[in-house]
Amino acid sequence: STPVEEREFQAETRQLLDLMVHSVYSNKDSFLRELVSNASDALDKLRLEAYQNKDLDVDTSDLHITIERDPEARVLTIRDNGIGMSRDDVVGLIGTLARSGTAELRKKLAEAKDSAASQDLIGQFGIGFYSTFMVADTVTLLTRKAGETEGTKWESTGAGTYTIESVPDAPQGTSVTLHLKPADTDDALHDYADDAKIRELVKKYSDFIAWPIRMDVERTETVTPETDDDTDEATDAEPVTRTVVESQQLNSMKALWSKSKDEVEPEEYTEFYRHVSHAWDEPLETIALRAEGTFEYQALLFIPTQAPFDLFMRERNGGISLYVKRVFIMDDCEELIPEYLRFVKGVVDAADLSLNVSREILQQDRQIRAIRRRLTKKVLSTIKDIQTSRPEDYTTLWSQFGRAIKEGLINDQDNKDALLAISSFESTNDPDTMTTLADYVGRMKVGQDEIYYLTGESRQAMENSPHIEAFRAKGIEVLLLGDPVDEMWVGSVPEFDGKALRSIAKGEVDLDDDAGKSDDEKKEAATEREEREAKFADLTGWLTEALADHVKETRLSTRLTDSPACLVGDTFSFSPQMEKLYRASGQ
Ligand code: ADP
Ligand code: MG
């Protein structure tokens, strides 16, 4: 074998590992679920690879996961004969925290005031392979990638460095060996090498895994020595007791997505959700769908409780995995769900696709498009139900995913009404609760026929904006749209419930209280306005000229009460925030 090389972990990985090593995270059991989950993914990938690449010379007749234990030595090994990793894979995937959102995590870790707060972050971020360092003081990974001849051994104590070396005789697949921490350091640690404990953990966290999880178990059996066949006489030999070791399958491989919701326990869904999403939170909602007939498919979708760190980063991961008749095809199948619902996790198992299906084919596929339409509508109607019947859950959901959902208003014309119905906004009505558009309309003043809004960078900036003065003085509610995405969709949503959406920072907003006035009164008001304008014509004319480089026109305003002047955009011009966005994106 080649010389052992010692390498340093990246700074953020080191910080994370440190947290694992000294973890007081209450649910240390998670390590086993994470290792089994990774093994299962590796088996999925190998089966697909072997199917698609006929030149790959591997035996896929008995793909499985084994758990080996040595209680005396306090050693536990999780082994799979899946796809394995090359040396570069090991360095890239195991040696670095190859996750988008890591920088974000690091920032949050630095901000977390005490260790309990940082421990909470562990659960939030969902630490995969590194969770082993909660229970082990040395972790050894041995792996060989399917199709390659040389294997790789990786080892670390979770301190600043790891070692890596090439080994010629590694079996294909991956084994992760945990040298468990001494039992007396922590109660939770004492039985991780115990046969009953492992059985319990697998049952609890990994029962649905679609590959057999096996463990050698000892069983004592009592046998009577065989009788002599020829004479058929009973011998007087005493029965003897002996210990036999036999391989047992620990999981039932129950396929959750082919079951209806009432056949599955909520805890089973939770663990399945954690497996597919690589997250550690609870699902806020589980959606089980089944279609029979021409396009046969099953879907099991989850709305998480917590937004992942990378929800707004380019290289997000997760999403929905595609299976064809139980065979894994791909992760994060973008064709199955619109981008604005990228926080939805789960699986779709379609019966009639080819196992050789590619992303290019998927984009053209009628069946996939039909599934996408149905899933989208189903997710939106589910959110609507949550909004109606579980207001607190809806508030959580909206605070985590509202910004993503509003992206749908920009280009999902088909679902615009459904999207508007489930959306909530801040408003001048009540600083503490958000409002739906329907509720806003319900509070509109007699004669008000438009929905007023203001966009801006923060609630405070908007509240202090001169544009809002007259509205406040007259007690007219204004929606305060503070998300960058609000700038993008307001332009493409002209109305809700027959009421135009109107920016109070653009064009002329008519607040002259004409509504409810008689024709004479209106005429009078108009005359008064003209007189006022004539009186100030010299001033506005002069201002327009003096400010010619900066403004198009100066006019008298009905929208101010305290401020002497404000800047107003043309009805169809960009708002200042929008201009900033465009400038920032280089357009
Ligand atoms: P995640 O599973 O969320 O990607 P992990 O930390 O659990 O994060 O694993 C990191 C990566 O290491 C995996 O994405 C996978 O590519 C690789 N990996 C981990 N365990 C195995 C395994 N048993 N076989 C093959 N690859 C593995
Ligand atoms: Mg993992």
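The values are calculated or read from the model by the stated rules, or taken from the named source; none is laboratory data. Since we're looking at a predicted model, the values are computed, not measured. In this analysis, Cβ positions are derived from the backbone assuming ideal geometry, glycine residues included, and neighbour counts consider all displayed protein chains.
Taking the residues in region 1-19 that are crowded, with 20+ Cβ neighbours inside 10 Å and in a helix (DSSP H, G or I) as candidates, determine which candidate is farthest from ligand 1 (Cβ to nearest atom).
Step one: of region 1-19, the residues crowded, with 20+ Cβ neighbours inside 10 Å are 9, 13, 16-17, 19.
Still in the running and in a helix (DSSP H, G or I): 13, 16-17, 19.
Working: THR13: 11, LEU16: 11, LEU17: 12, LEU19: 14 Å.
Applying the filter and picking the extreme gives LEU19.
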Given the conditions (1) in a helix (DSSP H, G or I); (2) at pLDDT below 90; (3) out of contact with any Leu (no Cβ under 8 Å at 6 or more places or on another chain), report the number of the one that ASP44 does not fulfil. (2)
Restricting to region 270-306, count the residues that are out of contact with any Gly (no Cβ under 7 Å at 6 or more places or on another chain) and either over 19 Å from PHE129 (Cα atoms) or without any contact (Cβ under 8 Å) to a residue 60 or more places away in the chain (or both). 22
When only residues in region 83-95 that are surrounded by 19 or more Cβ atoms within 10 Å (Cβ to Cβ), modelled with pLDDT of 90 or more and within 7 Å of ligand 1 (Cβ to nearest atom) count, which is nearest to THR161 (Cα to Cα)? MET85
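Condition check ((1) modelled with pLDDT under 90; (2) within 16 Å of ligand 2 (Cβ to nearest atom); (3) in contact with a strand residue (DSSP E or B) (Cβ under 8 Å, 6 or more places away or on another chain)) across all residues:
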residue	(1), (2), (3)
ALA50	no, no, no
LYS54	no, no, no
HIS64	no, no, yes
ASN81	no, no, yes
LEU97	yes, yes, no
GLU148	no, no, no
TRP154	no, yes, yes
With criteria (1) crowded, with 18+ Cβ neighbours inside 10 Å; (2) closer than 15 Å to ASP486 by Cα; (3) not basic (Lys, Arg), SER399 comes up short on (1)
Just checking, which of LYS181, LYS261 is surrounded by 14 or more Cβ atoms within 10 Å (Cβ to Cβ) and modelled with pLDDT under 95? LYS181
Checked region 1-48 for anything within 12 Å of ligand 2 (Cβ to nearest atom), of a type in the set (A, V, I, L, M) and in contact with a Gly (Cβ under 8 Å, 6 or more places away or on another chain); matches are ALA39, ALA42
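Pick from region 266-281 the residues that are away from ligand 2 (no atom under 13 Å from the Cβ) and charged (D, E, K, R): which of them is surrounded by the fewest Cβ atoms within 10 Å (Cβ to Cβ)?
First pass over region 266-281, keeping only residues away from ligand 2 (no atom under 13 Å from the Cβ): 266-273, 281.
Those left that are additionally charged (D, E, K, R): 267-268, 271, 281.
Details: GLU267: 12, GLU268: 17, GLU271: 19, ASP281: 19.
Across region 266-281, the extreme among qualifying residues is GLU267.
Each row is one residue, and each column tells you yes or no for (1) at pLDDT below 90; (2) part of a loop (DSSP other than H, G, I, E, B); (3) acidic (Asp, Glu); (4) more than 30 Å from PRO308 (Cβ to Cβ).
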| residue | (1), (2), (3), (4) |
| --- | --- |
| ASP228 | yes, yes, yes, yes |
| GLU246 | no, no, yes, yes |
| ASN251 | no, yes, no, no |
| TRP257 | no, no, no, no |
| THR270 | no, no, no, no |
If you go through region 121-146, how many residues are near ligand 1 (Cβ under 9 Å from one of its atoms), in a helix (DSSP H, G or I) and among the hydroxyl-bearing types (Ser, Thr, Tyr)? 2
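Every residue, every condition in (1) among the hydrophobic types (A, V, I, L, M, F, W, C); (2) touching a residue at least 40 places away in the same chain (Cβ under 8 Å), yes or no:
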site: LYS345; (1), (2): no, yes
site: ARG366; (1), (2): no, no
site: ARG372; (1), (2): no, no
site: ILE383; (1), (2): yes, yes
site: SER389; (1), (2): no, no
site: GLY408; (1), (2): no, yes
ALA299, sole failed condition from (1) touching a Leu at 6+ places or on another chain (Cβ under 7 Å); (2) farther than 21 Å from LEU380 by Cα; (3) not hydroxyl-bearing (Ser, Thr, Tyr): (2)
Name the residues in region 158-178 that are away from ligand 1 (no atom under 14 Å from the Cβ) and modelled with pLDDT under 95, would you? ALA159, GLY160, THR161, PRO168, ASP169
Applying the selection to region 175-225, what residues are over 31 Å from the mean Cα position of the chain (by Cα), under 27 Å from GLY84 (Cα atoms), part of a strand (DSSP E or B) and not charged (D, E, K, R)? HIS179, LEU180, MET215, VAL217
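Would you mention how many residues in region 80-89 are on the phi < 0 side of the Ramachandran plot and in contact with a Gly (Cβ under 7 Å, 6 or more places away or on another chain)?
Going through region 80-89, the residues on the phi < 0 side of the Ramachandran plot turn out to be 80-83, 85-89.
In the following step, the residues that additionally are in contact with a Gly (Cβ under 7 Å, 6 or more places away or on another chain) were identified as 80-82.
Of the residues in that region, 3 qualify.
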Return a yes/no flag: does region 56-64 have any residue that is in contact with a Phe, Trp or Tyr (Cβ under 7 Å, 6 or more places away or on another chain), within 23 Å of SER247 (Cβ to Cβ) and away from ligand 1 (no atom under 11 Å from the Cβ). yes
(1) exposed (fewer than 11 other Cβ atoms within 10 Å of the Cβ); (2) at positive phi; (3) at pLDDT 65 or above all hold for GLY516 apart from (3)
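Specify the residue that is surrounded by the fewest Cβ atoms within 10 Å (Cβ to Cβ); the eligible residues are those in region 352-368 that are in contact with a strand residue (DSSP E or B) (Cβ under 7 Å, 6 or more places away or on another chain) and within 17 Å of LEU48 (Cα to Cα). Reasoning before the result, please.
Quick first cut of region 352-368, residues in contact with a strand residue (DSSP E or B) (Cβ under 7 Å, 6 or more places away or on another chain) only: 353, 355, 357, 367.
Checking which are within 17 Å of LEU48 (Cα to Cα) leaves us with 353, 355, 357.
Working: LEU353: 22, LEU355: 13, VAL357: 17.
Across region 352-368, the extreme among qualifying residues is LEU355.
Restricting to region 195-214, count the residues that are touching a residue at least 24 places away in the same chain (Cβ under 8 Å) and either polar (S, T, N, Q) or loosely packed, with under 14 Cβ neighbours inside 10 Å (or both).
The first filter runs over region 195-214 and keeps only residues touching a residue at least 24 places away in the same chain (Cβ under 8 Å), leaving 195, 198-199, 201-214.
Imposing the further condition that a residue be either polar (S, T, N, Q) or loosely packed, with under 14 Cβ neighbours inside 10 Å (or both) reduces the set to 203, 206.
So the count comes out to 2.
Please work out if LEU93 is within 16 Å of ligand 2 (Cβ to nearest atom), part of a helix (DSSP H, G or I) and touching a helix residue (DSSP H, G or I) at 6+ places or on another chain (Cβ under 9 Å). Explain how you work it out, then say what you get.
Numbers: within 16 Å of ligand 2 (Cβ to nearest atom): yes; part of a helix (DSSP H, G or I): yes; touching a helix residue (DSSP H, G or I) at 6+ places or on another chain (Cβ under 9 Å): yes.
Yes.
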